[in-house]
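**Q** Take this structure first; my questions come after.
The values are calculated or read from the model by the stated rules, or taken from the named source; none is laboratory data. Quick caveat: nothing in here was measured; it's all calculated off a predicted structure. As a convention, Cβ positions derive from the backbone with ideal geometry for all residues, glycine included, and neighbour counts pool all protein chains shown.
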Amino acid sequence: MNIPYENEFDIVVFKSVLGGIGSGSNKPAQGSAIREMHKSLKSGGELLFAENLTASPFHKFLRAKFVKWGTSWRYVSIDEMNEFLQPFNNFTFSTTGFSGAFGRNERQRDLLAAADKIFFNRLFPSHWKYIITGVARK
């Protein structure tokens with residue numbers, strides 16, 4: 001939350017950290033974390049990310065019922081990621097995944113992820129998918 005570097009790095013990478021930073025409905029902390037990452041990048045540096053999205057109502061229900069941290073983790077929306085990434089000169093992202101999250105082991109997740117690529121990613125809107133990946137350039 002307080003990165004002690006400024007204009008120091010060419011690349012910053014994170015995966016699935018904003019939800020934990022936002023625990024207890026702390027959206028401001030999530031925005032602050034992204035601003036700190038931005039600060040630490042050199043001009044032209046890139047932020048590479050993969051984060052869990054709020055996803056569909058079905059995902060929300062199952063997280064609240066079956067995931068230990070499902071009610072405390074603050075999943076982000078696509079609109080919030082757009083907001084958080086505003087300090088960057090440009091950014092691109094894509095969303096993926098609907099059924100892959102429901103696998104109970106790696107083999108099941110792989111099979112369901114294949115179903116996502118072939119079918120579900122085309123069927124469901126972006127805001128119902130549970131993963132956002134992207135690149136933001138300072």
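**Q** Can you find a residue in the stretch 67-74 that is part of a strand (DSSP E or B), over 15 Å from the mean Cα position of the chain (by Cα) and surrounded by 12 or more Cβ atoms within 10 Å (Cβ to Cβ)?
**A** At the first step, the residues of the stretch 67-74 found to be part of a strand (DSSP E or B) are none.
No, the stretch 67-74 has no match at all.
**Q** Within the stretch 76-86, is even one residue in a loop (DSSP other than H, G, I, E, B), over 20 Å from His127 (Cα atoms) and modelled with pLDDT of 95 or more? Explain how you work it out, then say what you get.
**A** Initial filter on the stretch 76-86 (in a loop (DSSP other than H, G, I, E, B)): 77, 85-86.
Right, trim to over 20 Å from His127 (Cα atoms) and you get none.
So far as the stretch 76-86 goes, no, none of its residues is in a loop (DSSP other than H, G, I, E, B), over 20 Å from His127 (Cα atoms) and modelled with pLDDT of 95 or more.
**Q** Further question: For the stretch 88-104, give me each residue that is assigned to a loop (DSSP other than H, G, I, E, B) and surrounded by 14 or more Cβ atoms within 10 Å (Cβ to Cβ).
**A** Phe88, Gly97, Phe98, Ser99, Gly103
**Q** Something else: Given (1) surrounded by 12 or more Cβ atoms within 10 Å (Cβ to Cβ); (2) closer than 30 Å to Asn2 by Cβ; (3) in contact (Cβ under 8 Å) with a residue 12 or more places away in the chain, identify the lone condition not met by Ala115.
**A** For Ala115, the exception is condition (2).
**Q** Follow-up question, since we're still on this one. Here are some residues: Phe98, Phe88, Phe124, Phe102. Which one is closer than 23 Å to Gly44 by Cα and under 18 Å from the mean Cα position of the chain (by Cα)? Can you show your working first?
**A** Working: Phe98 fails: closer than 23 Å to Gly44 by Cα; Phe124 fails: closer than 23 Å to Gly44 by Cα; Phe102 fails: closer than 23 Å to Gly44 by Cα.
Result: Phe88 is the single residue among Phe98, Phe88, Phe124, Phe102 that is closer than 23 Å to Gly44 by Cα and under 18 Å from the mean Cα position of the chain (by Cα).
**Q** Looking at (1) out of contact with any strand residue (DSSP E or B) (no Cβ under 6 Å at 6 or more places or on another chain); (2) surrounded by 13 or more Cβ atoms within 10 Å (Cβ to Cβ); (3) part of a strand (DSSP E or B), find the lone condition where Gly44 falls short.
**A** Just one mismatch for Gly44, condition (2).
**Q** Please count how many residues of the stretch 70-111 are in contact (Cβ under 8 Å) with a residue 12 or more places away in the chain and either in contact with a Phe, Trp or Tyr (Cβ under 6 Å, 6 or more places away or on another chain) or under 27 Å from Gly31 (Cβ atoms) (or both).
**A** Residues that pass the stated criteria total 26.
**Q** Here's something else I'd like to know. Output the number of the condition that Ala55 fails; it satisfies all remaining conditions of (1) surrounded by fewer than 18 Cβ atoms within 10 Å (Cβ to Cβ); (2) on the phi > 0 side of the Ramachandran plot; (3) not aromatic (Phe, Trp, Tyr).
**A** Unmet for Ala55, out of (1) surrounded by fewer than 18 Cβ atoms within 10 Å (Cβ to Cβ); (2) on the phi > 0 side of the Ramachandran plot; (3) not aromatic (Phe, Trp, Tyr): (1).
**Q** Would you be able to say whether some residue in the stretch 2-21 is within 15 Å of the chain's Cα centre (by Cα), part of a loop (DSSP other than H, G, I, E, B) and farther than 19 Å from Ala136 by Cα?
**A** Taking the stretch 2-21 and keeping what is within 15 Å of the chain's Cα centre (by Cα), we get 12-21.
From what is left, the residues that are part of a loop (DSSP other than H, G, I, E, B) are 16-17.
Imposing the further condition that a residue be farther than 19 Å from Ala136 by Cα reduces the set to none.
No, because not a single residue in the stretch 2-21 is within 15 Å of the chain's Cα centre (by Cα), part of a loop (DSSP other than H, G, I, E, B) and farther than 19 Å from Ala136 by Cα.
**Q** Considering only the stretch 6-16, state which residues are surrounded by 15 or more Cβ atoms within 10 Å (Cβ to Cβ) and either under 26 Å from Gly70 (Cα atoms) or aliphatic (A, V, I, L, M) (or both).
**A** Val12, Phe14 - these are the residues of the stretch 6-16 that are surrounded by 15 or more Cβ atoms within 10 Å (Cβ to Cβ) and either under 26 Å from Gly70 (Cα atoms) or aliphatic (A, V, I, L, M) (or both).
**Q** Asn52 fails exactly one of the following numbered conditions: (1) outside any strand (DSSP E or B); (2) in contact with a strand residue (DSSP E or B) (Cβ under 9 Å, 6 or more places away or on another chain). What is the number of that condition?
**A** With (1) outside any strand (DSSP E or B); (2) in contact with a strand residue (DSSP E or B) (Cβ under 9 Å, 6 or more places away or on another chain) applied to Asn52, the lone miss is (1).
**Q** With respect to Ser25, is the statement that it is of a type in the set (Gly, Ala, Ser) and within 28 Å of Pro4 (Cα to Cα) true?
**A** Numbers: of a type in the set (Gly, Ala, Ser): yes; within 28 Å of Pro4 (Cα to Cα): yes.
Yes: the conditions hold for Ser25.
**Q** Something else now. Does the stretch 32-66 hold any residues that are among the hydrophobic types (A, V, I, L, M, F, W, C) and under 17 Å from the mean Cα position of the chain (by Cα), and which are they? Let's see the steps before the verdict.
**A** Going residue by residue through the stretch 32-66, those that are among the hydrophobic types (A, V, I, L, M, F, W, C) are 33-34, 37, 41, 47-50, 53, 55, 58, 61-62, 64, 66.
Listed by number, the residues that qualify are Ala33, Ile34, Met37, Leu47, Leu48, Phe49, Ala50, Leu53, Ala55.
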